[in-house]
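Colleague: Below is one structure. I have some questions about it.
Laboratory data are not the source of any read-out in this text; all were calculated from the coordinates shown. Quick caveat: nothing in here was measured; it's all calculated off a predicted structure. Glycine also receives a Cβ, built like all others from the backbone with ideal geometry; neighbour counts cover every protein chain displayed.
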Amino acid sequence: MKVAVVGCGNVSANHFEALELTDGVEITAVADIDGEKARKWAEKTGSRAYTDYDEMLANEELDAVHIATPHYLHTPMAVKALKKGINVFLEKPCSVTAEEADELIKAQTESGKQVGICFQNRYNTSSIIVKEVIDSGFYGKVTDVRAFVTWSRGKDYYSDGWHGRADKECGGVLINQAIHTIDLVQYFAGGCRSLSAHVFNDHLKGVIDVEDTGVIRMLTGSGALAVVYATTAYGENAPVMIEVKLEKTTLRIEGDMLYRLDGDYGFDVICTNSSESTVGKSYWGTGHKAIIRDFYDCLKTGRKFAIDAYEGAKAAKIVAACYDYDKKEIMK
C-alpha cells in the first residue's frame with residue numbers, strides 16, 4: 001500500500017517509525033509547508049517531498065494518508081483525501097467543532113473508505129483491561145470516574161507559530177493534551193450525556209490566547225459522574241491518572257501502571273503497560289505502533305477500524321461542548 005504523511009512536526013516521528021515497521025506499506029510521499037522538514041523525511045524514507053498538499057494528492061496514487069498537521073487543517077485535509085478515494089489516518093483532534101466532526105463522518109460514509117483517529121492510549125494494556133472488566137459486569141456498573149492531566153508547557157513550546165493560537169490550535173490543554181484522557185473517560189463510561197466546563201489561562205497570559213487549564217464535570221452515558229482536571233501549568237510532566245469506581249471495586253490507571261484498590265486503601269498491581277519503545281515523550285503512551293499496525297490490518301482484511309470518524313468524534317464533540325459552555329458562562 002502506498003502511503004503519504006502530511007505534517008512533519010514532532011508527533012509525525014511516531015507515524016514514520018510505525019509505518020516503517022508495518023508490512024506491506026510503502027511511504028511514497030511526505031508533505032509539509034516547511035520544505036526543509038519535508039525534504040528531511042523524504043530523504044529518510046526514500047519518498048517524494050511536497051510543500052503543497054493539493055499538489056501531492058493530484059500527483060500521487062495513494063492508498064492512505066496520515067494527517068499530522070495543525071488542528072484547524074485536520075478535517076478539511078481528511079475530507080479532501082476521502083473525496084479522492086484515499087483512506088485517512090488522522091491525528092487528534094479529528095475536528096475542532098461539532099459541525100466539522102459531522103462533516104468528517106459524512107465524508108467517511110459517502111466515500112466508503114476507512115478513517116482512523118489516533119487515540120493510541122486505547123491500545124495500552126491498562127486501558128484494554130479496564131474496558132474488559134467494565135464490559136464483563138463482574139464488578140458491577142461504573143459509578144464515578146476522575147482523571148488528572150498535570151503537565152508542563154512553557155513559552156518555548158508555543159514558539160512554532162500554531163500552538164497556543166486560537167485560530168490554528170483551536171484550543172489549549174483540552175483539545176491538545178487532555179483529549180486522550182477525555183476519550184478514555186467517555187470510552188469507559190459510555191459517552192457523555194451532559195457537561196459543565198470552565199477553562200483558564202493561569203500562567204502564560206500574553207503568550208497564548210488559549211487555555212492552559214480546564215475542568216470538566218460530566219454526566220456519562222452509563223449514568224456515572226466523571227470529573228476531569230487538566231493543566232499544562234504544572235512544574236513537570238506527571239503521569240496521567242484515571243480512576244474508575246465500579247460498584248464492587250476501583251481501578252486506577254496511573255502512568256504505565258494499573259491498580260485495583262480496596263476499601264482499606266490497599267491495592268493490587270494488575271499490570272504495567274507495554275515496554276515497547278516509542279519515539280517522542282514517554283507520557284504520550286506507547287500505543288502508536290499498535291494502533292497504526294491495526295489500522296493497516298483493517299485495510300488489508302476489510303475489517304472495520306474501531307476508532308473511526310464516528311467514534312473519534314465523541315471526544316472532539318465533548319471538547320467543543322466544553323468551550324461552548326465556558327463561553328456562554330462568560331457572556332452571562
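Colleague: Can you give me the relative contact order of the stretch 1-92 as a percent, contacts being Cα pairs under 8 Å and 6 or more apart?
Modeller: RCO, the stretch 1-92: 30 percent.
Colleague: Also, I was wondering about something else. Checking a compactness column here: for the stretch 2-120, what do you get for Rg(Cα) / (2.2 N^0.38 Å), N being the number of residues?
Modeller: That works out to 0.98 for the stretch 2-120.
Colleague: Once you've got the GNM for the chain with C-alpha springs shorter than 10 Å, pick whichever of Ser47, Ser12, Ser159 has the biggest mean-square fluctuation.
Modeller: Evaluated over the chain, the most mobile residue of the options is Ser159.
Colleague: Taking the chain as the reference, fit the longest principal axis to its C-alpha atoms, fit the long axis of helix 74-83 to the helix C-alpha atoms, and give the angle between the two in degrees, 0 to 90, nearest 10.
Modeller: 50 degrees
Colleague: What is the helix-to-structure angle for 288-301, meaning the angle in degrees between its Cα long axis and the longest Cα principal axis of the chain, kept from 0 to 90 and rounded to the nearest 10?
Modeller: 60 degrees
Colleague: Taking the alpha-carbon centroid of each part, what is the distance from the stretch 16-51 to the stretch 190-209 in angstrom?
Modeller: The two parts, judged by their Cα centres, are 35 Å apart.
Colleague: Mind jotting down the distance between the C-alpha centroids of the stretch 78-153 and the stretch 213-255, whole Å?
Modeller: One Cα centre to the other: 17 Å.
Colleague: In degrees from 0 to 90, rounded to the nearest 10, what is the angle of the helix 309-331 Cα long axis to the longest principal axis of the chain?
Modeller: Between helix and principal axis, roughly 70 degrees.
Colleague: Moving to a separate point now. Give the peptides 21-28, 81-88 in descending order of average Cβ contacts within 10 Å, highest first.
Modeller: Highest to lowest by the protection proxy: 81-88, 21-28.
Colleague: If Lys and Arg each add +1 and Asp and Glu each add -1, what is the summed charge of the other residues whose beta carbon sits under 12 Å from the beta carbon of Leu57?
Modeller: Residues close to Leu57 contribute a combined charge of -2.
Colleague: Further question: Could you pull out the chymotrypsin sites (Phe, Trp or Tyr not before Pro) across the stretch 113-190 that fall in loop regions by DSSP (anything but H, G, I, E, B) with no more than 10 other Cβ atoms inside 10 Å?
Modeller: Answer in residue order: no site qualifies.
Colleague: Here's a follow-up. Rounded to the nearest 0.05, what FRET efficiency do Glu61 and Ile128 have when you use their Cβ-Cβ distance and R0 = 35 Å?
Modeller: With a Förster radius of 35 Å, E is 0.45.
Colleague: Using only the Cα atoms, what convex hull volume per residue in Å³ does the chain have?
Modeller: About 138 Å³ per residue, rounded to a whole number.
Colleague: Now for a separate question. For Ser159 and Phe138, what does the FRET efficiency come to when R0 = 30 Å and r is the distance between their Cβ atoms, rounded to the nearest 0.05?
Modeller: Rounded to the nearest 0.05, the efficiency is 0.05.
Colleague: Expressed in nm to one decimal, what extension gain is obtained for the pair Asp262 and Ala306 from 0.36 nm per residue of sequence separation less their Cα-Cα distance?
Modeller: 12.6 nm
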